[in-house]
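Since the structure comes first, as structure tokens, the remarks are kept for the end.
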Amino acid sequence: MTEQQTEAPRGARLVPQLLKFGAVGGVGFFVNLVVFNGLLLTVLRPAAVHHGPLYATIIATVVAIATNWLGNRYWAFSASRQAHTGREAAEFFAVSLAGMGIPLLCLWLSHYVFGFTSLLADNIANNVVGLALGTVFRFALYRWWVFAPARSAGGRASRAGAASVPEAASVPEASLGAADVAVLGPRYAPGGATRQSELPGAPD
């Protein structure tokens, strides 16, 4: 199979993964919104809990990341999920947190470095530029690190199976005597070692 033939299936898999990743992200955003507002309206009301909005943000973020991990592990990247679930979850959580920092960095640069202090500028920096860059960052690291095919359970099993298949053994010259050569023929004489599969009566 040529390199061009293998690149086509990879590209064909990338688009569905990207669409599923976007759908999972949308569900995670909705979960974050519901959990955050639900907590602020019930057990973490600002009137009752001084740091209620902060606690609600932390809890909602963790729940949303867990939801996104489950969606990506069992749907978007189901064919390449890792055998080590705990390590995969930790890597996913780390990438998600790093991705959340990108909009904050864009907002900081826009507002405090470049001096664009209007509400519109803040929204563009945070919710347009930052969100787009963060999405690309997360998808790239999910696709080529957390859920990389080479690190998946199936990929490891395939490589282990390929490595365990021995090459066909050759018949050593010393094992063939004069009587064997007389029966088998001159091409089996010492100096013309042949594979066991070529010997008469060898299984196919």
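Compute the signed sum of charges (Lys and Arg +1, Asp and Glu -1) over the other residues within less than 10 Å, Cβ to Cβ, of Val146.
Values: positive: Arg73, Arg81, Arg87, Arg138, Arg143, Arg151; negative: Glu88, Glu91.
That works out to +4.
Output needed: percent of Cα pairs per 10 Å distance bin for the stretch 13-76, bins running from 0 to the one holding the longest distance.
24, 39, 22, 12, 3
Can you tell me the Rg and Dmax of the stretch 38-164, counting just the alpha carbons, in angstroms?
19.0, 65
Can you give me the Cα centroid spacing of the stretch 94-111 and the stretch 117-136 in angstrom?
The stretch 94-111 and the stretch 117-136 have Cα centres spaced 10 Å from each other.
Once both labels are modelled 7 Å past Cα along the beta-carbon direction, what's the Val128-Val49 spacing in nm?
Distance between label points: 3.5 nm.
Stretched out fully, how many nm does the piece from Thr42 to Ala66 gain, at 0.36 nm a residue minus the Cα gap?
Working: separation 24, 0.36 × 24 = 8.64 nm, distance 2.20 nm.
Contour length minus the Cα-Cα distance gives 6.4 nm.
On the principal axes of its Cα set, how long, how wide and how thick is the stretch 59-119? Give whole Å, largest value first.
The Cα atoms of the stretch 59-119 stretch 47, 19, 18 Å along the principal axes, largest first.
Step through the residues of the stretch 70-80 one at a time and calculate ³J(HN,Hα) from phi using the Karplus curve (6.51 cos²θ - 1.76 cosθ + 1.60, θ = phi - 60°), rounding each to whole Hz and writing x for Gly and Pro.
4, x, 6, 5, 9, 9, 4, 10, 4, 6, 10
Read-outs throughout are calculated quantities, based only on the coordinates presented, and are distinct from any laboratory measurement. Note that this is a predicted model, so its numbers are computed, not measured. Cβ: placed from backbone, ideal geometry, glycine included. Neighbour counts: every protein chain shown.
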